[in-house]
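Written out below as structure tokens is the structure these notes cover.
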């Protein structure tokens, strides 16, 4: 019992002094302590989700580049991996203004999707059609997050960044779809 009390006291102390107030409040709510939401929690939560989606996209495209046997596709996938990395980096800066300084990685769902991409590519022996289909699927998931983000009340400068990234993501999605259609022929 003393152990639990000591841990609880140290966690609550850490959470109240930590610079990552959003993450600390989130963690405290997760363990059952009622903590009121901060004024920027919706914006921060949205940005955290977008950064994680971008990291997932980066890793997904890197996996696609590794799994394909087609040099042209490899170049395209690597370009989109770099683009997703730059998207995440651009979104981390506004997060720092909100006091979130942790390096964010992807999500568990993204990791599962990459494993599925690997398994799918293995079964299809690097079949571009299967890889393109999975890239499309990943981009569709990211587009849903970006669409929702446009309605969360982000600051205007951040809204512009998100809109520009959404437009680029839409172009990538269109290209993946076009390549997929070409592969079906």
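The values are calculated or read from the model by the stated rules, or taken from the named source; none is laboratory data. Owing to the predicted nature of the structure, the values given are computational and were not obtained by experimental measurement. Backbone-built Cβ (ideal geometry, glycine too); neighbour counts: all protein chains shown.
Below is a table of values for the structure above.
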read-out	value
Failed item, numbered, when residue 48 is tested on (1) more than 13 Å from the chain's Cα centre (by Cα); (2) modelled with pLDDT of 85 or more	(1)
Per-region count, segment 162-179, residues surrounded by fewer than 18 Cβ atoms within 10 Å (Cβ to Cβ), within 17 Å of the chain's Cα centre (by Cα) and within 18 Å of residue 64 (Cα to Cα)	1
Residue 159 vs. criteria assigned by TED's automatic domain parsing to the domain that holds residue 59, more than 16 Å from the chain's Cα centre (by Cα), modelled with pLDDT of 85 or more and surrounded by 15 or more Cβ atoms within 10 Å (Cβ to Cβ)	yes
Residue among 131, 76 that is at pLDDT below 95 and under 21 Å from residue 184 (Cβ atoms)	131
